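So the structure is just underneath, and the comments pick up after that.
The values are calculated or read from the model by the stated rules, or taken from the named source; none is laboratory data. Computed from a predicted structure; not experimentally measured. Note that we place each Cβ from the backbone using ideal geometry, even for glycine, and neighbour counts take in every protein chain shown. What goes into the accessible areas is simple: the full protein's heavy atoms, side chains included, and nothing from ligands, DNA or RNA. Shrake-Rupley method; radii C 1.70, N 1.55, O 1.52, S 1.80 Å.
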Amino acid sequence: MSQNLISFTLSPADLEAITKAIETLEEKLAGLIELSVDERRSLTKMGDKSEAFCRQTLILLDKNRQIIPAELDIDEALNDMRALDMLRQILAPLRLLLHRGDDTEMAIGSDMLAAALDGYAIAKVFGKGAGLDELRAAMSGRFNRNGKRKTKEPGSK
């Protein structure tokens, strides 16, 4: 018996509504940026302990603005802190939704593969002479292995 981890469907109206919601998210979050690999590597990253330090320091500096040099834009740093808090309110449920979407995609693919493998096994056993030879031959391509992969001799092209 084939597995059936999930039965999932979306109506055309659901798909249209979801597409519009994604478009709205993209529009409202147009200020999000994408960093290159080099930019990501070069950034000073804030972890949990660093974040607590940052928050305490910024609050302290905000209360003692007389000690802040002119080149330190405390208002922008405080705005960054508020922006981070707001962005996290959005990203947390999106990450959860994406995780569930990934799991659902995996389960659907697994269901498809299990059904196809069961069907292939049936076609292999009962398909001889039933007009399924061409289908069986096409499906067997997934399983054909001509022994171990040959490694090239050193110096050969």
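Determine which member of the set A30, A52 is open to solvent by less than 100 Å² (accessible area, probe 1.4 Å), part of a loop (DSSP other than H, G, I, E, B) and not aromatic (F, W, Y).
Values: A52 fails: part of a loop (DSSP other than H, G, I, E, B).
From the options A30, A52, the qualifying one is A30.
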Sole miss for M1 among (1) under 30 Å from I122 (Cα atoms); (2) aliphatic (A, V, I, L, M); (3) open to solvent by less than 100 Å² (accessible area, probe 1.4 Å); (4) modelled with pLDDT under 95 is condition (3)
Scan the range 27-61 for residues that are over 16 Å from R88 (Cα atoms) and over 26 Å from the mean Cα position of the chain (by Cα) and jot them down. K49, S50, F53, C54, Q56, T57, L58, I59, L60, L61
Looking for whichever is touching a residue at least 60 places away in the same chain (Cβ under 8 Å) and not hydrophobic (A, V, I, L, M, F, W, C) here; the options are S42, S7, S110. Which one fits? S110
Tell me, yes or no, whether the range 104-120 has at least one residue that is β-branched (V, I, T), surrounded by 13 or more Cβ atoms within 10 Å (Cβ to Cβ) and farther than 15 Å from L5 by Cβ. no
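Could we say that M86 is open to solvent by 60 Å² or more (accessible area, probe 1.4 Å), free of Cβ contacts under 8 Å to residues at least 40 places away in the same chain, out of contact with any Ser or Thr (no Cβ under 7 Å at 6 or more places or on another chain) and closer than 23 Å to T9 by Cβ here? Give the steps one after another, and end with the answer.
Details: open to solvent by 60 Å² or more (accessible area, probe 1.4 Å): yes; free of Cβ contacts under 8 Å to residues at least 40 places away in the same chain: yes; out of contact with any Ser or Thr (no Cβ under 7 Å at 6 or more places or on another chain): yes; closer than 23 Å to T9 by Cβ: no.
Taking the combined requirement at face value, the residue does not satisfy it.
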